[in-house]
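Undergrad: What follows is a single structure, and I will ask about it in a moment.
The values are calculated or read from the model by the stated rules, or taken from the named source; none is laboratory data. Source: prediction; values computed, not measured. Glycine also receives a Cβ, built like all others from the backbone with ideal geometry; neighbour counts cover every protein chain displayed. Areas reflect the complete protein model, heavy atoms only, side chains present, ligands, DNA and RNA absent. Shrake-Rupley method; radii C 1.70, N 1.55, O 1.52, S 1.80 Å.
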Amino acid sequence: MGSPLRILHVVVNMNRGGAETLLMNLYRNIDRSRIQFDFLTCKEGVFDQEIQRLGGKVHRIPYISDVGHRGYIRELINFFSSHKEYRIVHSHLDKMSGLVLKVAKDHNIPNRIAHSHNTSSEGSMLARLYKWYVGKAILINATHYLACSDKAAQWLFKGQKKNARVLKNGIEPGTFMFSPQWREKVKEEFQLDSSAFVLGHIGRFNKQKNHSYLLDVFAKVAKENKHVYLLLIGDGVIRKEMEKKVHHLGLGKRVIFSGVRSDIPSLLQGIDLFVFPSLHEGLPVTLIEAQCAGLPCLISDTITNEVDLGLDLVKFLPLKMQEKWVKEINLLSTTSKNRSTNSASALTEKGYDIRNTASWVEGFYSAI
């Protein structure tokens with residue numbers, strides 16, 4: 001057997017974000033004797049060592065925020081000039097993929113994939129304007145378009161949505177199935193008694209995830225219910241700001257900041273209600289995981305309804321009506337509901353079983 005086909009994935013870093021989690025789920029489940037993943041990153045990531053153990057390479061160049069527009073292009077040129085072995089480049093930088101794929105095309109890489117994981121750009125007005133400008137290069141330099149949802153495809157590939165394929169954010173269903181034993185262990189870790197009703201959220205601390213709004217909602221709920229707690233899993237640039245807000249609201253004993261965790265399947269067992277008031281999303285893998293764990297989910301109506309697995313676990317709420325969030329949380333906190341245990345079949349039916357996703361990806365890469 002010959003050497004495996006090596007795919008170069010371009011990301012900022014391999015930390016526990018949605019796109020990165022999908023990539024690792026795929027990497028663990030593909031036939032690595034046929035397909036190998038390498039990564040072009042800009043910062044150290046928590047998955048770097050595992051990637052290397054699985055046979056992948058982690059390359060590093062400075063990011064645009066460190067070296068500027070021209071400096072970043074120069075780094076890309078230097079990289080592709082010295083790494084002529086790649087025939088497939090798969091970029092996960094949303095609008096910024098325009099820069100990567102243009103340089104890849106200039107270096108005669110025949111297969112150039114743009115992958116949309118979101119429905120809006122982040123940053124200041126100036127930053128979004130810049131991303132819009134470089135994003136225009138995607139349609140003339142990409143040879144293939146992938147997206148996590150129809151909505152994400154519509155955003156990044158305007159005019160070419162019909163040519164985009166949806167690659168669903170698959171997970172390993174068995175690892176998320178409800179476990180009463182793990183539920184007790186999580187409650188013990190955070191020193192919560194059996195009567196505690198735990199709201200949970202997983203996501204980077206940035207504007208998109210809308211933590212400030214979530215804390216405002218929780219503050220109103222906490223006034224009426226002394227048994228409700230909020231578990232925030234993740235880290236990011238506004239975490240300290242949110243910690244200060246929690247202190248200002250007098251909720252220090254009711255809000256738990258767990259930081260970045262690798263045991264998400266276990267932590268989901270200790271949560272009673274998943275809350276997700278994002279301003280925009282592509283299709284969050286965390287919501288697929290939460291439903292697989294049998295968790296009811298309250299999410300903003302800005303998120304595509306493609307995320308609903310049909311298990312009667314998802315309710316969409318408008319961000320403009322904060323009191324609806326408060327009312328719904330109060331209602332669910334006093335209504336006992338058995339955790340669903342039949343989610344695995346629903347995931348498979350909807351196309352979110354990672355084994356099927358990995359098989360499709362292998363065929364896709366081999367075909368192109």
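Undergrad: Given the criterion hydrophobic (A, V, I, L, M, F, W, C) and either in contact with a Leu (Cβ under 8 Å, 6 or more places away or on another chain) or open to solvent by 30 Å² or more (accessible area, probe 1.4 Å) (or both), identify the matching residue among 137, 196. Working first, answer last.
TA: Working: 196 fails: either in contact with a Leu (Cβ under 8 Å, 6 or more places away or on another chain) or open to solvent by 30 Å² or more (accessible area, probe 1.4 Å) (or both).
The conditions single out 137.
Undergrad: Can you find, within segment 1-31, the residue that is most open to solvent (accessible area, probe 1.4 Å) among those that are over 19 Å from residue 284 (Cβ atoms), at pLDDT 95 or above and hydrophobic (A, V, I, L, M, F, W, C)?
TA: In this case the residue turns out to be 5.
Undergrad: If you take the residues in segment 101-135 that are assigned to a loop (DSSP other than H, G, I, E, B) and modelled with pLDDT of 95 or more, which one is nearest to residue 153 (Cα to Cα)?
TA: At the first step, the residues of segment 101-135 found to be assigned to a loop (DSSP other than H, G, I, E, B) are 107-110, 117-124.
The next check asks that each one be modelled with pLDDT of 95 or more; those that pass are 107-110, 117.
Details: 107: 26, 108: 25, 109: 23, 110: 22, 117: 8 Å.
Ranking the qualifying residues of segment 101-135, first place goes to 117.
Undergrad: To continue, here is another question. Exactly one condition in (1) at pLDDT 95 or above; (2) outside any loop (DSSP other than H, G, I, E, B) is not met by residue 181; state its number.
TA: Only one criterion is unmet by residue 181, namely (1).
Undergrad: A further question follows. Across segment 209-240, what is the total count of residues that are open to solvent by 10 Å² or more (accessible area, probe 1.4 Å), in a helix (DSSP H, G or I) and not aliphatic (A, V, I, L, M)?
TA: Number satisfying all stated conditions: 9.
Undergrad: Among the residues of segment 54-67, is there at least one that is modelled with pLDDT under 95 and hydroxyl-bearing (Ser, Thr, Tyr)?
TA: yes
Let's see how each residue does on (1) free of Cβ contacts under 8 Å to residues at least 40 places away in the same chain; (2) loosely packed, with under 14 Cβ neighbours inside 10 Å; (3) farther than 18 Å from residue 297 by Cβ; (4) polar (S, T, N, Q):
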{"position": "311", "(1), (2), (3), (4)": "yes, no, no, no"}
{"position": "316", "(1), (2), (3), (4)": "yes, no, no, no"}
{"position": "329", "(1), (2), (3), (4)": "no, no, no, no"}
{"position": "332", "(1), (2), (3), (4)": "no, no, no, no"}
{"position": "343", "(1), (2), (3), (4)": "no, no, no, yes"}
{"position": "357", "(1), (2), (3), (4)": "no, no, yes, yes"}
{"position": "361", "(1), (2), (3), (4)": "no, no, yes, no"}
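Undergrad: Is it the case, given these coordinates, that residue 272 is of a type outside the set (Gly, Ala, Ser), surrounded by fewer than 22 Cβ atoms within 10 Å (Cβ to Cβ) and touching a residue at least 60 places away in the same chain (Cβ under 8 Å)? Outline the logic, then answer.
TA: Working: of a type outside the set (Gly, Ala, Ser): yes; surrounded by fewer than 22 Cβ atoms within 10 Å (Cβ to Cβ): yes; touching a residue at least 60 places away in the same chain (Cβ under 8 Å): yes.
Yes: the conditions hold for residue 272.
Undergrad: Filter segment 32-50 down to residues that are open to solvent by 40 Å² or more (accessible area, probe 1.4 Å) and either touching a Ser or Thr at 6+ places or on another chain (Cβ under 9 Å) or among the hydrophobic types (A, V, I, L, M, F, W, C) (or both) and give me whichever is modelled with the highest pLDDT.
TA: Filtering segment 32-50 for residues that are open to solvent by 40 Å² or more (accessible area, probe 1.4 Å) and either touching a Ser or Thr at 6+ places or on another chain (Cβ under 9 Å) or among the hydrophobic types (A, V, I, L, M, F, W, C) (or both), the one modelled with the highest pLDDT comes out as 34.
Undergrad: Show the residue pairs that are 6+ apart or on different chains and have beta-carbon atoms under 6 Å apart, the first residue being within segment 41-58 and within 14 Å of residue 20 (Cα to Cα), the second being charged (D, E, K, R).
TA: 41/60; 58/48
Undergrad: Just to be sure I understand the filter: pairs with C-beta atoms under 6 Å, separated by 6 or more residues or on different chains, first member in segment 1-30 and under 23 Å from residue 236 (Cα atoms) and β-branched (Val, Ile, Thr), second member open to solvent by less than 40 Å² (accessible area, probe 1.4 Å) and modelled with pLDDT of 95 or more. Which pairs pass?
TA: Here the result reads 10/40; 10/91; 10/100; 11/41; 11/92; 12/42, each pair linking segment 1-30 to a residue that is open to solvent by less than 40 Å² (accessible area, probe 1.4 Å) and modelled with pLDDT of 95 or more.
Undergrad: Additional query: Looking at segment 118-134, which of the residues that are open to solvent by less than 30 Å² (accessible area, probe 1.4 Å) and farther than 23 Å from residue 70 by Cα is farthest from the chain's Cα centre (by Cα)?
TA: So the residue we want is 119.
Undergrad: Further, regarding this structure: Could you look through segment 288-309, keep only residues that are over 22 Å from residue 270 (Cα atoms) and without any contact (Cβ under 8 Å) to a residue 24 or more places away in the chain, and pick out the one that is surrounded by the most Cβ atoms within 10 Å (Cβ to Cβ)?
TA: Among them, the one singled out is 301.
Undergrad: Next question, about the same structure. Residues that are closer than 28 Å to residue 338 by Cα, open to solvent by less than 90 Å² (accessible area, probe 1.4 Å), assigned to a helix (DSSP H, G or I) and not β-branched (Val, Ile, Thr): does segment 143-166 have at least one?
TA: no
Undergrad: Restricting the search to segment 187-208, which residues are among the aromatic types (Phe, Trp, Tyr), in contact with a strand residue (DSSP E or B) (Cβ under 7 Å, 6 or more places away or on another chain) and assigned to a loop (DSSP other than H, G, I, E, B)?
TA: If the condition is that a residue be among the aromatic types (Phe, Trp, Tyr), in contact with a strand residue (DSSP E or B) (Cβ under 7 Å, 6 or more places away or on another chain) and assigned to a loop (DSSP other than H, G, I, E, B), then 190 is the only one that fits.
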